[in-house]
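Student: Below: one structure in structure tokens.
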There are 2 protein chains.
Amino acid sequence: MLKLAIPKGRLEEKVMTYLKKTGVIFERESSILREGKDIVCFMVRPFDVPTYLVHGVADIGFCGTDVLLEKETSLIQPFFIPTNISRMVLAGPKGRGIPEGEKRIATKFPNVTQRYCESKGWHCRIIPLKGSVELAPIAGLSDLIVDITETGRTLKENNLEILDEIFVIRTHVVVNPVSYRTKREEVVSFLEKLQEVIEHDSNEQSRG
Amino acid sequence: MLKLAIPKGRLEEKVMTYLKKTGVIFERESSILREGKDIVCFMVRPFDVPTYLVHGVADIGFCGTDVLLEKETSLIQPFFIPTNISRMVLAGPKGRGIPEGEKRIATKFPNVTQRYCESKGWHCRIIPLKGSVELAPIAGLSDLIVDITETGRTLKENNLEILDEIFVIRTHVVVNPVSYRTKREEVVSFLEKLQEVIEHDSNEQSRG
């Protein structure tokens, strides 16, 4: 029995399509649980995927670089799922640059931001937010933001510009190291099938 | 100029309707910002409302008891907005009761849960999640959950039952104590108008 942690939302449909192409058939489906022969999928928030793996209740998950680096978990990351690439960036009001002295930075990723500031030797006050981070400089809550951007549109709409790129965000297949030892055959066989499906799909698309 | 922090989502429409009834007219509206003469509304995540007040960029906000107790912020709470009352509860799989010894509790409210367990003298391991908390006992991630329930439907659907009520959740009008001193006249006049509108509305409804 393989247990998978699937991130609800943006990646959900893509991941579920891949799973079905590996031959998985679901017999029972609810908003939080999909069950088939020898497989259970837990439908969770993207941020909760590592939690399900680290606590040993899921064997395999799908997870962005942003979540992996924010949560600092050590999971096996055998390969990527091809998705649009986004970036974690430092941004601020257009034309103002990076202010001298203490910087107030609003973000949904306080750990990532803390480490970034330390690497720069900056004195920072981090303001953790749950959402609408682009509002913070407009409201005067922060000087800068650290956030995810794909096209840069939301930043532009709010008169913000990218000041630095912190890292590139991809979607990783992640594996619980304990499952990798104790269920090795089942895990490896699933990962091989998944990788085949992904490669076949990419080839189709590049031919298409 | 009054600055308001409005929680996006479930309460947004109700709060905006009240505001309009106090005579506020918005001249510019975006998904994160609504501006009128002498008023700016920051449209933020419910959890971020206290952050905008504590950092002094908003004077008045609207916020559930759950958020106030989780964030442990000291804000002036002059009155409630009438909304459906929900409750923060301890719940677990039907018929199993509260397990002896160490309890694993999944929740979106780790601070509230920590204080609750301390008040009970329990030895707990808290598993912070971003969402789908009702899945945790099904997946074997936790024994119990601490979560918000209004009708109890989601709990029932997932074969969970309420084991204890931790507190009742209402929607509070909250005021930044600094604004209450430095902008007293403006703040008090707005609160009086808002309270009138709410009372008038409640009377209308009870006359129905």
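Student: How many residues does the stretch A:114-162 hold that are of a type in the set (G, A, S) and either touching a residue at least 12 places away in the same chain (Cβ under 8 Å) or crowded, with 20+ Cβ neighbours inside 10 Å (or both)?
Tutor: Residues meeting the conditions: 5.
Student: Turning to a different aspect of this structure: Consider A:A58 carefully, then state whether it is crowded, with 17+ Cβ neighbours inside 10 Å and either at positive phi or assigned to a loop (DSSP other than H, G, I, E, B) (or both).
Tutor: Working: crowded, with 17+ Cβ neighbours inside 10 Å: yes; either at positive phi or assigned to a loop (DSSP other than H, G, I, E, B) (or both): yes.
Judged against the criteria, A:A58 is a match.
Student: Of A:M16, A:M43, which residue is modelled with pLDDT under 95 and surrounded by 13 or more Cβ atoms within 10 Å (Cβ to Cβ)?
Tutor: Numbers: A:M43 fails: modelled with pLDDT under 95.
Exactly one of A:M16, A:M43 is modelled with pLDDT under 95 and surrounded by 13 or more Cβ atoms within 10 Å (Cβ to Cβ), namely A:M16.
Student: Among the candidates B:G101, B:G92, single out the residue that is exposed (fewer than 15 other Cβ atoms within 10 Å of the Cβ) and among the small types (G, A, S). Step through it out loud before you land on a result.
Tutor: Numbers: B:G92 fails: exposed (fewer than 15 other Cβ atoms within 10 Å of the Cβ).
Checking each option against the conditions leaves just B:G101.
Student: Same structure, new question: Mind counting the residues in the stretch B:152-179 that are part of a helix (DSSP H, G or I) and in contact with a helix residue (DSSP H, G or I) (Cβ under 6 Å, 6 or more places away or on another chain)? Can you show your working first?
Tutor: Within the stretch B:152-179, the first condition is being part of a helix (DSSP H, G or I), and the residues that meet it are B:153-157, B:177-179.
Next, only the ones that are in contact with a helix residue (DSSP H, G or I) (Cβ under 6 Å, 6 or more places away or on another chain) stay: B:179.
Number of matching residues: 1.
Student: Does A:A91 satisfy being of a type outside the set (D, E, K, R), closer than 23 Å to A:V146 by Cβ and in contact (Cβ under 8 Å) with a residue 60 or more places away in the chain?
Tutor: Values: of a type outside the set (D, E, K, R): yes; closer than 23 Å to A:V146 by Cβ: yes; in contact (Cβ under 8 Å) with a residue 60 or more places away in the chain: yes.
Yes; evaluated as a whole, the condition is true for this residue.
Student: For the stretch B:134-149, what are the residues that are of a type in the set (A, V, I, L, M), farther than 15 Å from B:P99 by Cα and within 9 Å of chain A (Cβ to nearest Cβ)?
Tutor: B:L135, B:A136, B:I138, B:A139
Student: Pull up the stretch B:163-201, narrow it to residues that are surrounded by 18 or more Cβ atoms within 10 Å (Cβ to Cβ) and among the hydroxyl-bearing types (S, T, Y), then point me to the one that is farthest from the other protein chains (Cβ to nearest Cβ).
Tutor: By that ranking, first place goes to B:T171.
Student: Applying the selection to the stretch B:8-46, what residues are assigned to a loop (DSSP other than H, G, I, E, B), more than 10 Å from chain A (Cβ to nearest Cβ) and either within 24 Å of A:N159 (Cβ to Cβ) or of a type in the set (V, I, T) (or both)?
Tutor: Residues satisfying the conditions are B:T22, B:V24, B:I25, B:K37, B:D38.
Student: Sticking with this one: Quick one: is B:R115 at negative phi, among the charged types (D, E, K, R) and not in a strand (DSSP E or B)? Walk me through how you get there before you give the answer.
Tutor: On the way: at negative phi: yes; among the charged types (D, E, K, R): yes; not in a strand (DSSP E or B): yes.
Here the answer is yes, as B:R115 does meet what is asked.
Student: Another one. Are any of the residues in the stretch A:67-87 assigned to a strand (DSSP E or B), closer than 20 Å to B:K130 by Cα and out of contact with any helix residue (DSSP H, G or I) (no Cβ under 7 Å at 6 or more places or on another chain)? Reasoning before the result, please.
Tutor: From the stretch A:67-87, those assigned to a strand (DSSP E or B) are A:76, A:80-87; that's our starting set.
Applying the additional criterion that residues be closer than 20 Å to B:K130 by Cα yields none.
No, that holds for no residue.
Student: Of the residues A:M1, A:M16, A:M43, A:M88, only one is aliphatic (A, V, I, L, M) and over 24 Å from A:K183 (Cβ atoms); which?
Tutor: On the way: A:M1 fails: over 24 Å from A:K183 (Cβ atoms); A:M16 fails: over 24 Å from A:K183 (Cβ atoms); A:M43 fails: over 24 Å from A:K183 (Cβ atoms).
After applying the criteria, what remains is A:M88.
Student: Taking A:A139 as meeting all but one of (1) modelled with pLDDT of 95 or more; (2) in the same structural domain as A:L53 (by TED's automatic domain parsing), write down the number of the exception.
Tutor: (2)
Student: Output the number of residues of the stretch B:47-85 satisfying the condition of being free of Cβ contacts under 8 Å to residues at least 60 places away in the same chain and facing another protein chain (nearest Cβ under 8 Å). Write out each step before concluding.
Tutor: We begin by selecting, within the stretch B:47-85, every residue free of Cβ contacts under 8 Å to residues at least 60 places away in the same chain; these are B:47-48, B:51-52, B:55, B:57, B:67, B:70-73.
Imposing the further condition that a residue be facing another protein chain (nearest Cβ under 8 Å) reduces the set to B:47-48, B:51-52, B:55, B:57.
Residues in the stretch B:47-85 being free of Cβ contacts under 8 Å to residues at least 60 places away in the same chain and facing another protein chain (nearest Cβ under 8 Å): 6 in total.
Student: Moving on. Quick one: count up the residues across the stretch B:96-133 that are touching a Ser or Thr at 6+ places or on another chain (Cβ under 9 Å) and more than 14 Å from chain A (Cβ to nearest Cβ).
Tutor: 3
The values are calculated or read from the model by the stated rules, or taken from the named source; none is laboratory data. In this text, all values refer to a predicted model and were calculated from it rather than measured experimentally. Virtual Cβ from ideal backbone geometry, glycine too; neighbours counted across all protein chains shown.
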